[in-house]
Amino acid sequence: MEQPKLNKRYMAIEDHDYTRAVHAGMKIDESSGAVAPVIVTSTTFKQKAPGQHQGYDYSRADNPTREQLEVALGTLEHAAHGLAFASGLAAVHAVMGLLKSGDHVVAVDDVYGGTRRLFEKIWQPLGLHFHFLDLRDLHDFEHSLIEFQPKAVWLESPTNPTLRVIDLQGVARLTKKHNTLLVVDNTFATPMLQKPLRLGADIVLHSSTKYLSGHTDVVGGSVMTNDQGLYEKLKFIQFAAGAVPSPFDCYLLLRSLATLAIRMEKHCYNALAVAKYLESHPRVSSVLYPGLASHPQYQLAMTQMLGSSGMVSFYFDGTLEQLTTFFQSTHLFVLAESLGSTKSLMNHPAAMTHASVDSVVREKLGITDKLVRLSIGIEHPEDLKQDLNQAFEKACSGKNL
Ligand SMILES: *Cc1c(COP(=O)(O)O)cnc(C)c1O
């Protein structure tokens with residue numbers, strides 16, 4: 001079998017992205033010379049004559065701080081356009097506004113739980129049809145395109161929490177062939193590690209709450225595209241529906257983006273170290289991390305990503321009681337939902353982030369009671385390993401260790 005071409009730059013963010021992350025959207029304020037972004041809180045702007053404004057009339061439509069953020073978001077994804085929203089789900093909701101009643105959507109079966117809830121509880125009653133599929137099999141995928149003729153395909157890669165990798169170029173080739181919109185939620189990889197627009201996606205979306213913010217202190221969403229027509233429609237939805245972020249949140253995100261490249265480099269480095277440690281631990285039955293050679297799609301991950309990001313999942317080998325003790329015994333890892341923080345976080349998907357997912361679906365997706373999802377932070381990897389090690393020891397009280 002022919003080996004896929006490995007990305008030589010794997011585990012190495014593109015050189016210029018380090019510079020882009022620092023400078024994207026940054027402009028010196030002309031009136032004061034301020035180097036940091038100016039937070040413009042004004043909701044309204046003085047007009048020279050009725051209808052004659054200087055680019056801003058009302059902050060739901062346009063705001064100077066948000067505009068800076070939107071330029072930065074577009075720049076980092078190497079996209080012509082970026083739009084900022086009040087949350088990741090507000091961004092999802094805006095993109096769904098491109099569709100109409102009767103339209104079909106094919107979505108990856110382990111799509112983010114909140115996205116699935118939005119699709120099933122809000123958009124399905126409005127007349128949209130959703131088909132949740134395992135998009136790793138391109139043959140089945142093309143069959144679904146022929147059968148359902150969807151207007152949009154919605155996917156994440158790597159997925160949450162089982163870190164499956166989907167062939168973005170392969171999917172994009174088929175969505176182009178069948179004239180379907182491809183939307184990729186790039187939250188887990190970030191634009192530093194994966195650029196879906198380059199691989200053929202029409203729209204990229206992020207929960208900016210996660211890695212883009214990186215400090216667990218902003219809820220936000222973003223949408224990027226190169227398509228002028230799609231941008232104009234999405235910009236209109238943003239303005240007309242009004243799910244915009246506050247100028248202060250835009251400022252915080254701009255501040256966060258400056259360190260995105262160096263944070264992602266460290267997240268990748270630490271996650272690989274922790275994943276390797278877990279792989280050799282007797283209380284771990286298996287580890288899910290696209291950067292491990294044991295991951296079933298390791299080769300694919302290496303061709304389409306520049307690093308495997310900071311999310312590591314594993315199956316605990318022990319009783320549920322022991323697992324609870326494990327969760328209660330860490331000092332650095334915080335038991336909390338969400339991900340992408342400078343601080344390491346841990347999550348029990350079956351009881352936390354994925355509790356609302358039907359138990360049969362959960363089992364099918366591999367989200368068992370023994371699955372643990374880690375969001376590896378930017379601490380020192382040895383400290384993280386030590387923290388996990390002492391938690392395993394407490395949980396399993398020395399047995400088999
Ligand atoms: C968190 C998350 C969302 C939703 O974003 P919010 O900012 O919480 O609204 C969407 N997709 C993925 C992959 C996420 O992790």
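None of the figures in this text is laboratory data; all of them are computed from the coordinates on show. For clarity, every value in this text was computed on a predicted model and none was experimentally measured. Quick reminder, even Gly has a Cβ in these numbers, built from the backbone with ideal geometry, and neighbours come from all protein chains shown.
Computed over the range 76-131, the P(r) curve from all C-alpha pair distances, binned at 10 Å from the origin, holds 21, 51, 25, 4 percent per bin.
Can you tell me the dipole magnitude for the range 129-267 around its Cα centre, using point charges on the Cβ only (Lys, Arg +1; Asp, Glu -1), in Debye to the nearest 20?
Details: 14 positive and 14 negative charges, 76 e Å.
It comes to approximately 360 debye.
Diffusion coefficient (Stokes-Einstein, Kirkwood radius over C-alpha pairs, 37 °C, 0.692 mPa s) for the range 232-311: 209 µm²/s, rounded to a whole number. Between Ser31 and Thr259, the FRET efficiency from the beta-carbon distance, with R0 = 35 Å, is close to 0.80. Positive contributions from Lys and Arg (+1) and negative ones from Asp and Glu (-1), summed over other residues with Cβ under 15 Å from the Cβ of Phe85, come out at -1.
Once you have the Kirkwood Rh of the range 1-160 from its Cα pairs, apply Stokes-Einstein at 4 °C and 1.567 mPa s and quote D in µm²/s. Can you show the working numbers first?
Values: Rh = 19.6 Å.
Reported coefficient: 66 µm²/s.
In this simple spin-label approximation, Leu126 and Gln52 carry label points 7 Å from Cα along the Cα→Cβ vector, and these lie 4.0 nm apart. Rounded to whole Å, the principal axis extents of the Cα atoms in the chain read 79, 54, 42, largest first. Site pair Asp369 and Gln390 shows an inter-label distance of 2.9 nm when each label is modelled 7 Å from Cα along Cα→Cβ.
Per residue, the average separation of C-alpha pairs within less than 8 Å and at least 6 apart gives the chain a relative contact order of 18 percent. Please list log₁₀ I(q)/I(0) at q = 0.14, 0.28 Å⁻¹ for the range 153-222, using the Debye equation with identical point scatterers on the alpha-carbon positions. Values, matching the q order: -0.42, -1.26. Computed 3J(HN,Hα) for the range 56-72, one whole-Hz value per residue from the Karplus formula 6.51 cos²θ - 1.76 cosθ + 1.60 where θ = phi - 60°, is 9, 10, 8, 5, 5, 6, 8, 9, x, 5, 5, 4, 4, 5, 5, 5, 4, glycine and proline marked x. The angle between the Cα long axis of helix 381-396 and the longest principal axis of the Cα atoms of the chain comes to about 50 degrees, rounded to the nearest 10.
The long axis of helix 168-177 is offset from the longest Cα principal axis of the chain by roughly 50 degrees. Between the Cα long axis of helix 247-257 and the first principal axis of the chain there is an angle of about 50°, rounded to the nearest 10.
Using only helices, what value at 222 nm comes out for the chain when you add -39,500 (n - 2.57) per DSSP H run of length 4 or more and divide by the total residues, to the nearest 500 deg cm²/dmol? Intermediate results must be reported in sequence, preceding the final value.
Details: 14 runs with 145 residues, N = 401.
Taking each H run of at least 4 residues, the total per residue is -10500 deg cm²/dmol.
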